[in-house]
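Read the figures in this text as sums done on the coordinates, not as results from a lab. Predicted model only: the values in this text are computed from it and were never measured. Note: ideal-geometry Cβ built from the backbone for every residue, glycine included; neighbour counts use all protein chains shown.
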Amino acid sequence: MDARMEDASWITGIIDGLSLDEEPGGHGDTAAEGWLILRGGVPARWRDRAVPLHLVPLLPQETAQMLAGVSVVPPVSTEDEPLLHAVARGVKASTMARELGVGLRTVERRLARLRRRFEVPSTADLTTLLARLGFGRLPSGGP
């Protein structure tokens, strides 16, 4: 690697020899000597070769299921996802209740259920875990 590449702070990593299957809008069976992982935009000289990539942080039980070759079922319902995003952003329970259109007691019960499910002792610990897992970002299409 030349000195210009070593100093490039926009490089996140390089993967040696990886082949991708056909994806919608992709480039077919793409084999390469290596792959450059970037944060942010792609420099103009590589835009025509860029392949979309999505990174999904997995919960411990999801990781274990995938490694065991078992079908992964998310541990949370679609009904709980807005709550998870709000918790990860540190929104107060009363504000969550108002935003979700449910009572405060309903939010408190759902938080207790989520604490048990994620095996954490407090809502603060749940907030930290969910933020680390990426729930702090608003879901696509969300307000």
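Numbers at a glance
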| item | result |
| --- | --- |
| Amide proton proximity set for R89, modelled H, under 5 Å, gap of 5+ | none |
| Integer Hz, Karplus 6.51/-1.76/1.60 couplings in order for the stretch 51-65, x for Gly and Pro | 10, x, 9, 10, 9, 10, x, 9, 6, x, 5, 5, 4, 4, 4 |
| Calculated FRET efficiency for the pair A50/E79, C-beta based, R₀ 30 Å, to 0.05 | 0.25 |
| Distance (nanometres) between label positions extended 7 Å along Cα→Cβ at A131 and R113 | 2.5 |
| Cα gyration tensor shape of the stretch 47-120, rounded if a/c is under 1.5, else prolate or oblate by comparing a/b with b/c | oblate |
| Residues whose placed amide H lies under 5 Å from that of L38, excluding near-sequence neighbours | T12 |
| Cβ crowding within 10 Å averaged over residues, with 112-121, 41-50 ranked highest first | 112-121, 41-50 |
